[in-house]
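Chemist: Have a look at this one before I ask anything.
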Amino acid sequence: MTMRLWCAISGHGFGHAGQTAPVLQQLARLRPDLVLHLTTSVPAELLRIRLKAPFTIDPLSRDVGVQQKDALTLDVPATMAALCALHENWHDRLEAEQQQMRRWRPDLVLANIPYLTLAAAQALAIPTVALASISWDVILAETCLPYLDQVPEQQQQLTAWIATMREAYRRVDKALLLEPALPGMPFIHPHLIPPMTTQGQSRPQALRGAMGWSSEDQRPLFLVTLGGIAANTLPLSVLAVEDRALWLVDHDRTLLPDVSHVVPLQRIRHQWSFPDIIASVDGVVSKPGYGMSVDCVMHRKPLLYVKRGWFPDEGPISRWLVRHGRVHELSLEQFNRGNWFEPLYHLWQQPAPPMQLVENGSEIACEALLSLCS
């Protein structure tokens with residue numbers, strides 16, 4: 001008898017997919033009869049690198065998250081416009097989702113963390129599981145709502161939408177919250193589980209070769225990425241002359257300086273899994289998003305980071321990083337100056353702290369999923 005799983009994944013960056021893929025991969029090993037359907041705007045080719053199990057995919061996004069001008073900057077008007085587009089036809093969208101579920105007949109629905117999908121499944125009495133380190137109601141209440149004090153109509157709209165989100169989250173059958181989880185989420189009877197990531201394979205020489213660098217080049221190799229959302233402003237002119245390191249940069253390749261020690265990540269984006277890249281570099285420059293932070297700690301890589309300053313989970317994640325990783329925080333001014341080599345090199349020279357974290361989060365999550373299908 002097959003197990004039919006409908007899985008919805010937020011497309012706000014790639015962190016939600018990074019959290020979910022290890023669970024799906026483990027579940028496919030435990031249940032070779034798994035039939036998997038994904039609904040997500042995360043590109044299918046990136047999912048196939050992380051997830052070896054077969055799946056079908058519907059690329060239509062089921063949630064909004066927050067809209068950003070770039071990887072570090074919130075865009076409140078764009079977020080409100082996107083939420084309005086989703087909610088003005090809410091009942092039609094909910095009915096369409098239910099119709100698709102009736103046709104596909106899932107045994108279980110897993111969401112990280114589109115509430116439209118959860119609400120549709122709940123209306124059909126299909127068991128639901130939320131896998132999350134954040135919830136969109138808390139994020140929107142702490143980011144966008146304070147900006148709308150002078151726009152009472154929009155504030156009322158957003159408050160109503162947040163209530164819809166919270167209702168769907170409260171009604172899930174199981175809530176699996178990934179450490180380090182955002183406080184204050186509305187899930188009832190939450191289960192805190194260990195951090196979730198995929199263990200990458202360390203292949204530093206192969207990575208250098210793929211970038212065109214000689215295996216005899218002893219300079220450290222550092223990755224620069226601000227996650228799955230475009231970074232419009234990086235101090236590229238500084239990197240152009242900072243040749244004491246090799247830089248693998250997640251940025252529009254046409255804008256990168258034409259120097260041999262700076263290479264675009266896009267060159268290998270669809271050939272290498274992100275965990276393999278993390279495992280193969282010597283350090284990372286990024287922001288303290290969930291996926292990047294957990295990947296760096298689990299792979300024992302130094303992380304130099306700049307906070308967005310407005311995303312609520314940065315506080316708990318940063319405190320968790322200090323306890324478990326080799327990290328250094330830059331102010332936005334320091335980040336924009338681009339003087340990254342010295343602090344990152346210093347972190348790289350330090351011994352990695354002893355690993356104190358268990359890595360069985362995917363196993364615990366699968367046990368919870370299977371318990372609802374027995």
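Chemist: Output the number of the condition that residue 174 fails; it satisfies all remaining conditions of (1) surrounded by 15 or more Cβ atoms within 10 Å (Cβ to Cβ); (2) within 18 Å of residue 297 (Cα to Cα).
Modeler: Failing condition for residue 174: (2).
Chemist: Picking from 125, 130, which residue would you name as being crowded, with 23+ Cβ neighbours inside 10 Å, at pLDDT 95 or above and over 25 Å from residue 76 (Cβ atoms)? Give the steps one after another, and end with the answer.
Modeler: Details: 125 fails: crowded, with 23+ Cβ neighbours inside 10 Å.
None of the others qualify; the one that does is 130.
Chemist: Is it fair to say residue 309 is on the phi > 0 side of the Ramachandran plot and not basic (Lys, Arg)? Full working, then the answer.
Modeler: Values: on the phi > 0 side of the Ramachandran plot: yes; not basic (Lys, Arg): yes.
Yes, satisfied.
Chemist: Being in a loop (DSSP other than H, G, I, E, B), assigned by TED's automatic domain parsing to the domain that holds residue 220 and out of contact with any helix residue (DSSP H, G or I) (no Cβ under 7 Å at 6 or more places or on another chain) narrows it down to one residue among 323, 300; which is it? Walk me through it before giving the result.
Modeler: Details: 323 fails: in a loop (DSSP other than H, G, I, E, B).
Checking each option against the conditions leaves just 300.
Chemist: Can I ask one more? Anything in the range 326-372 that is out of contact with any Gly (no Cβ under 6 Å at 6 or more places or on another chain), over 30 Å from residue 174 (Cα atoms), in a helix (DSSP H, G or I) and of a type outside the set (Asp, Glu)? List them, or say none.
Modeler: Start the filter on the range 326-372 by keeping residues that are out of contact with any Gly (no Cβ under 6 Å at 6 or more places or on another chain), which leaves 326-343, 345-347, 349-372.
After this cut, where a residue has to be over 30 Å from residue 174 (Cα atoms) as well, the list is 326-343, 345-347, 349-354.
Within this subset, residues satisfying the condition of being in a helix (DSSP H, G or I) are 332-337, 341-343, 345-347, 349.
Of everything in the range 326-372, those that are out of contact with any Gly (no Cβ under 6 Å at 6 or more places or on another chain), over 30 Å from residue 174 (Cα atoms), in a helix (DSSP H, G or I) and of a type outside the set (Asp, Glu) turn out to be 332, 334, 335, 336, 337, 341, 343, 345, 346, 347, 349.
Chemist: For the range 42-97, what are the residues that are among the charged types (D, E, K, R), assigned to a loop (DSSP other than H, G, I, E, B), in contact with a helix residue (DSSP H, G or I) (Cβ under 7 Å, 6 or more places away or on another chain) and free of Cβ contacts under 8 Å to residues at least 40 places away in the same chain?
Modeler: 52
Chemist: Then there's this: Name every residue in the range 234-258 that is surrounded by 14 or more Cβ atoms within 10 Å (Cβ to Cβ) and β-branched (Val, Ile, Thr), in order of residue number.
Modeler: 238, 249 - these are the residues of the range 234-258 that are surrounded by 14 or more Cβ atoms within 10 Å (Cβ to Cβ) and β-branched (Val, Ile, Thr).
Chemist: Another one. Pick from the range 249-268 the residues that are out of contact with any Pro (no Cβ under 8 Å at 6 or more places or on another chain), among the hydrophobic types (A, V, I, L, M, F, W, C) and not in a helix (DSSP H, G or I): which of them is farthest from residue 344 (Cα to Cα)?
Modeler: Checked the range 249-268; the qualifying residue farthest from residue 344 (Cα to Cα) is 268.
Chemist: Condition (residue is surrounded by fewer than 18 Cβ atoms within 10 Å (Cβ to Cβ), closer than 26 Å to residue 75 by Cβ and modelled with pLDDT under 95) applied to the range 198-218: is it met by at least one residue?
Modeler: Looking through the range 198-218, none of the residues is surrounded by fewer than 18 Cβ atoms within 10 Å (Cβ to Cβ), closer than 26 Å to residue 75 by Cβ and modelled with pLDDT under 95.
Chemist: Also, quick follow-up: Where residues in the range 12-35 are buried (at least 20 other Cβ atoms within 10 Å of the Cβ) and not in a helix (DSSP H, G or I), which of them is modelled with the lowest pLDDT?
Modeler: The extreme case among them is 13.
Chemist: Kindly establish whether residue 301 is of a type in the set (Lys, Arg), under 23 Å from residue 147 (Cα atoms) and touching a residue at least 12 places away in the same chain (Cβ under 8 Å). If you could, list the steps in order and put the result at the bottom.
Modeler: On the way: of a type in the set (Lys, Arg): yes; under 23 Å from residue 147 (Cα atoms): no; touching a residue at least 12 places away in the same chain (Cβ under 8 Å): yes.
So residue 301 does not fit the description; no.
Chemist: Out of (1) without any contact (Cβ under 8 Å) to a residue 24 or more places away in the chain; (2) aliphatic (A, V, I, L, M); (3) assigned by TED's automatic domain parsing to the domain that holds residue 253, what's the single condition that is false for residue 188?
Modeler: With respect to (1) without any contact (Cβ under 8 Å) to a residue 24 or more places away in the chain; (2) aliphatic (A, V, I, L, M); (3) assigned by TED's automatic domain parsing to the domain that holds residue 253, residue 188 is out only on (3).
Chemist: Inside the range 66-117, can you point out the residues that are buried (at least 16 other Cβ atoms within 10 Å of the Cβ), polar (S, T, N, Q) and within 30 Å of residue 232 (Cα to Cα)?
Modeler: Within the range 66-117, 67, 68, 79, 112 meet the criteria.
Chemist: Out of all the residues in the range 102-151, which are of a type in the set (Val, Ile, Thr) and not in a helix (DSSP H, G or I)?
Modeler: Within the range 102-151, the first condition is being of a type in the set (Val, Ile, Thr), and the residues that meet it are 109, 113, 117, 126, 128-129, 134, 138-139, 143, 151.
Those that are of a type in the set (Val, Ile, Thr) and not in a helix (DSSP H, G or I): 109, 113, 126, 128, 129, 134, 151.
Chemist: Ok, one more. Go through 93, 62 for me and flag whichever is among the charged types (D, E, K, R) and within 30 Å of residue 307 (Cβ to Cβ).
Modeler: On the way: 93 fails: within 30 Å of residue 307 (Cβ to Cβ).
Selected residue: 62, the only one of 93, 62 that is among the charged types (D, E, K, R) and within 30 Å of residue 307 (Cβ to Cβ).
Chemist: Still on this model: Would you check which residues across the range 141-171 are of a type in the set (Val, Ile, Thr) and either in the same structural domain as residue 314 (by TED's automatic domain parsing) or in contact (Cβ under 8 Å) with a residue 60 or more places away in the chain (or both) and list them? Talk me through it step by step, then tell me what you get.
Modeler: Initial filter on the range 141-171 (of a type in the set (Val, Ile, Thr)): 143, 151, 159, 162, 164.
Passing the criteria: 143, 164.
Chemist: Right, something else. Does residue 200 meet the test of being in contact with a His (Cβ under 8 Å, 6 or more places away or on another chain) and outside any strand (DSSP E or B)? Break it down stepwise before answering.
Modeler: On the way: in contact with a His (Cβ under 8 Å, 6 or more places away or on another chain): yes; outside any strand (DSSP E or B): yes.
Yes: the conditions hold for residue 200.
The values are calculated or read from the model by the stated rules, or taken from the named source; none is laboratory data. This structure is a prediction, so every number in the text was calculated from the model and none was measured. Note: ideal-geometry Cβ built from the backbone for every residue, glycine included; neighbour counts use all protein chains shown.
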